[in-house]
Amino acid sequence: MACLLPAARLPAGFLFLVLWGSVLGDKLLVVPQDGSHWLSMKEIVEHLSERGHDIVVLVPEVNLLLGESKYYRRKS
């Protein structure tokens, strides 16, 4: 039982990094906020799309920064 305790304390990020190479592309739904939050998220969305994920971005009808892209499908 004592040998299991240190393994239980590994951070979740470590598990994420170990599994990173074995994850297959899947579908993602992104609901961003207009403004600087989207500017930060856009790079991540593009990177995930390059890795094979099918991404749909839900945007409000009136927005300033959420334009069309080859990396994701845009739905209002």
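The values are calculated or read from the model by the stated rules, or taken from the named source; none is laboratory data. Keep in mind the model is a prediction, meaning the values are calculated, not measured. Cβ sites come from the backbone with ideal geometry, for glycine too, and all protein chains shown count toward neighbours. Note: accessible area is taken over every heavy atom of the protein model, side chains too, but ligands, DNA and RNA are not part of it. Shrake-Rupley method; radii C 1.70, N 1.55, O 1.52, S 1.80 Å.
Residues being modelled with pLDDT of 70 or more, closer than 28 Å to ARG74 by Cα and out of contact with any strand residue (DSSP E or B) (no Cβ under 8 Å at 6 or more places or on another chain): count how many of those fall in segment 1-43.
Result for segment 1-43: 9.
Working only within segment 49-64, note down all residues that are surrounded by fewer than 14 Cβ atoms within 10 Å (Cβ to Cβ) and not in a strand (DSSP E or B).
Hits for segment 49-64 are GLU50, ARG51, GLY52, PRO60, GLU61, VAL62, LEU64.
Only one residue in GLU68, GLU46 is open to solvent by 90 Å² or more (accessible area, probe 1.4 Å) and modelled with pLDDT of 75 or more. Which one?
Going through GLU68, GLU46 in turn, the sole match is GLU68.
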